[in-house]
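Reviewing the structure listed below.
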Amino acid sequence: MKENTRSKSYVERARDFRAQGFNCAQAVACTFAQEVGLDEQTLFRMVAGFGGGMGFHKATCGAISGAAVIVGLMTSATAVDTISKTTTYSRIGSIVDAFYAKNKSLVCRE
């Protein structure tokens, strides 16, 4: 799974993962492996079920689900903490809003 990923943009890295057969959640999550301190294999397995809009149910796009996992890893505390929860919700909310503005949907393959 590994190649020279540091010199590529996040978008390019995610596209490369998709070209290798990763689902959308895996492509997004694995793009940020170094940033969250986890290996690609762990993230790949962790988000596998989000593919196809939650196990082929064509629900929320895996790209959003993968992003939510990464945002949580980057911003959430390790215990109940209202401040980190607010930060996490705000950041993923911004990502969801931007995704919706661009794609006019959050549903897989719409």
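The values are calculated or read from the model by the stated rules, or taken from the named source; none is laboratory data. Just so you know, these numbers come straight off a predicted model, no measurement behind them. Note: ideal-geometry Cβ built from the backbone for every residue, glycine included; neighbour counts use all protein chains shown.
Some notes on this structure:
- The set of residues from region 8-39 being farther than 18 Å from Arg109 by Cα, of a type in the set (D, E, K, R), out of contact with any Asp or Glu (no Cβ under 9 Å at 6 or more places or on another chain) and outside any loop (DSSP other than H, G, I, E, B) comprises Glu12, Arg13, Glu35.
- Within region 70-110, being part of a helix (DSSP H, G or I) and among the aliphatic types (A, V, I, L, M) holds for Ile70, Val71, Leu73, Met74, Ile83, Ile92, Ile95, Val96, Ala98, Ala101.
- Test: residue in region 71-85 that is crowded, with 19+ Cβ neighbours inside 10 Å and within 10 Å of the chain's Cα centre (by Cα): yes
- Scanning region 85-110 for residues that are touching a helix residue (DSSP H, G or I) at 6+ places or on another chain (Cβ under 7 Å) and either of a type in the set (A, V, I, L, M) or farther than 26 Å from Ala48 by Cβ (or both) yields Thr87, Ile92, Ile95, Val96, Leu106, Val107.
- Qualifying residue in region 40-55 (condition: charged (D, E, K, R) and assigned to a helix (DSSP H, G or I)): yes
- For region 90-106, a residue qualifies if it is out of contact with any Phe, Trp or Tyr (no Cβ under 9 Å at 6 or more places or on another chain), of a type outside the set (Lys, Arg) and surrounded by 14 or more Cβ atoms within 10 Å (Cβ to Cβ), and the qualifying residues are Ile92, Ile95, Val96, Phe99.
- Region 33-52: number of residues that are in contact (Cβ under 8 Å) with a residue 40 or more places away in the chain and of a type in the set (Val, Ile, Thr): 0
- Selection from region 53-97 of residues that are of a type in the set (Val, Ile, Thr) and touching a residue at least 12 places away in the same chain (Cβ under 8 Å): Thr60, Ile64, Val69, Ile70, Val71, Thr75, Thr87, Thr88, Ile92, Ile95, Val96
- Sole exception among (1) farther than 19 Å from Val11 by Cα; (2) out of contact with any strand residue (DSSP E or B) (no Cβ under 9 Å at 6 or more places or on another chain) for Ala33, by number: (1)
- Residue check, Met54 of a type in the set (A, V, I, L, M, F, W, C), touching an Asp or Glu at 6+ places or on another chain (Cβ under 7 Å) and modelled with pLDDT under 95: no
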